[in-house]
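These notes are about the structure you will find just below.
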Amino acid sequence: MGQMAFVNTTGVTAVALLPRLLAGMGDQPVTALASHLGLYGPLPDLRGWAPEQLVEVVEQAGLRGRGGASFPVATKMRAVVARRRPRIVVANGAEGEPASKKDRALLRELPHLVLDGAAIAARAIGAREAIIALSENDDRGARRPLARRAAIRAVRRSRVLHLRPIERTGQRGVRGTGETDVRLAAIRARRQAPPDARAERRDARAPGLIARHGASWFRQLGTAHDPGSALVTLSGAVARPGVYEIEHGVPLTDLLETAGASDDLTAVLLGGYFGSWLPATQVPGLRLAPQALADYGASLGCGVIIALGGDTCPVAETARIADYFAAQTAGQCGPCVSGLAAIADTIRTLATGTAPGTAWRDLERWTTEIPRRGACQYPDGASRFIASALNVFADEFHRHARHGRCERCSARPVLPAPGARVTA
Amino acid sequence: MLCEARAPRPGCTRDRITVHLRVNPLDCIAHGLCAELLPEWVRLDESGYPLLADGPLPAALVETARRAAQACPTRALLLEPDGS
């Protein structure tokens, strides 16, 4: 099982307030409804709440989406209600980020938390159906769908709402998120009405606890702008990688210390492969809350944090991930397919010291030209990651461009890139 | 459609509704006709996919843009009034 721990901003007093979401973490997954209710307390009878009351308490709690955009959840709920189309809640546990494990870990260990959240979101927006999107692989990379099994078992035992598990529809798990985005974009581009208004809930965990304990309880943790706690997946040069529950606003150094980070960190990736790199010099003073990170042009995004140690070559890592980006495009839009391939090829020439003189200029141009030209935001995120790596690791890139591969280039890869092209 | 002369609606400039040019990336397969017919607004990247200038289309280009959109073999070039 991945490491689960917690970190907070204010020391001893706050220790009693965390963990919240992970309070039920133990040796066994909590799939029995009775155990869940024993650990987290009974869920208030939702029939006693008017939908707007639920939206209001979510608003008072100040809950924001945990998917990266940090959008106020109540505003999103009202927007969905206002559209007067069939409504559906999607609790997306099919995380596509290779380094992210939190959604699957949560669904495997504490699935009822997600079901509570989905049920409350459904009640709040008047949806009759909630889809729990599950991944094929478990969070440890094995093709043992434990999260899937745990969630389905929990659904069967849930008395909160009748949730209909959807069996796998394609090769890549249950309604893979990327595919859904492209499909909706395709529909919109042809000016047809989307089949339903989707309120995708990556934050389908906190509402269950807010409904139990109220808005002011939720605000006891976090910052005024970003109340509450969040789950992050930490990996890289740390002794104890895993899923952590953090209070919003906690210093990044505290989390790294708790996880036993190596003392020769060169950079930290925040927000996963759609996020950005920060040099180690910027880590002190950095606080993990969406608003605080925005000042650094960074975001918690999907909650993936990867610490890069001194024995890892950032150029080789970037080259591998550039290959991964090129290989993982859905192949629907020309600028994404040709652009990401060109970026990967050119990064490779920089990494091996065989780059043409135009390489830097080309990369700079491509990373600004490719965004916003696809049907989804995949090329935008990939371009941002590459631009950020070129910026933060500029010295290393220049050294490789002049002298070719370094002694660290063949070190064990740190950033996961499942299914990437194998290159020399 | 013309705007009210005295109380222009949002999205209206020079008495006309502003128009944006857009490419549907799912349909575009890089024929490149748009850049040929509307070089003032469209250029092509190395792979032949169009890059559009930013902002609303100048009124003087709207008719040319309309013809370019009609000429697009995959109908991937779209003129869209603001707010649509």
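The table for this structure:
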{"read-out": "Identity of the residue in the range A:295-342, on the phi > 0 side of the Ramachandran plot and crowded, with 22+ Cβ neighbours inside 10 Å, that ends up farthest from the other protein chains (Cβ to nearest Cβ)", "value": "A:303"}
{"read-out": "Test result for residue A:402, among the basic types (Lys, Arg), without any contact (Cβ under 8 Å) to a residue 60 or more places away in the chain and within 14 Å of chain B (Cβ to nearest Cβ)", "value": "no"}
{"read-out": "All positions within the range A:2-28 that are modelled with pLDDT under 70, of a type in the set (A, V, I, L, M), closer than 18 Å to residue A:259 by Cβ and assigned to a loop (DSSP other than H, G, I, E, B)", "value": "none"}
{"read-out": "Within the range B:61-84, considering residues that are surrounded by fewer than 16 Cβ atoms within 10 Å (Cβ to Cβ) and at pLDDT 95 or above, the one farthest from residue A:336 (Cα to Cα)", "value": "B:63"}
{"read-out": "Residue count for the range B:20-58, restricted to those that are part of a loop (DSSP other than H, G, I, E, B) and either within 13 Å of chain A (Cβ to nearest Cβ) or touching a strand residue (DSSP E or B) at 6+ places or on another chain (Cβ under 7 Å) (or both)", "value": "18"}
{"read-out": "Qualifying residue in the range A:370-378 (condition: in contact with a strand residue (DSSP E or B) (Cβ under 9 Å, 6 or more places away or on another chain), within 30 Å of residue B:55 (Cβ to Cβ) and assigned to a loop (DSSP other than H, G, I, E, B))", "value": "yes"}
{"read-out": "Qualifying residue in the range A:70-90 (condition: under 22 Å from residue A:298 (Cβ atoms), within 16 Å of the chain's Cα centre (by Cα) and touching a residue at least 24 places away in the same chain (Cβ under 8 Å))", "value": "yes"}
{"read-out": "Only one of A:364, A:396 that is out of contact with any strand residue (DSSP E or B) (no Cβ under 8 Å at 6 or more places or on another chain), over 25 Å from residue A:238 (Cα atoms) and in a helix (DSSP H, G or I)", "value": "A:364"}
{"read-out": "Of residues in the range A:274-317 being within 21 Å of the chain's Cα centre (by Cα) and among the charged types (D, E, K, R), the one modelled with the lowest pLDDT", "value": "A:295"}
{"read-out": "Those residues of the range A:246-260 which are at positive phi and in contact (Cβ under 8 Å) with a residue 24 or more places away in the chain, in sequence order", "value": "A:249"}
{"read-out": "Meets criteria (more than 25 Å from residue A:270 (Cα to Cα), at pLDDT 95 or above and not in a helix (DSSP H, G or I)) for residue A:349", "value": "no"}
{"read-out": "Residues located in the range A:343-380, provided they are among the aromatic types (Phe, Trp, Tyr), under 21 Å from residue A:399 (Cβ atoms) and within 12 Å of chain B (Cβ to nearest Cβ)", "value": "none"}
{"read-out": "Single residue of the range A:370-385 satisfying the filter (among the aliphatic types (A, V, I, L, M) and over 17 Å from the mean Cα position of the chain (by Cα)) that is modelled with the lowest pLDDT", "value": "A:375"}
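The values are calculated or read from the model by the stated rules, or taken from the named source; none is laboratory data. Fair warning: this is a prediction, and the values are worked out from it, not measured in the lab. Heads up, the Cβs are rebuilt from the backbone with ideal geometry, glycines too, and the neighbour counts pull from every protein chain shown.
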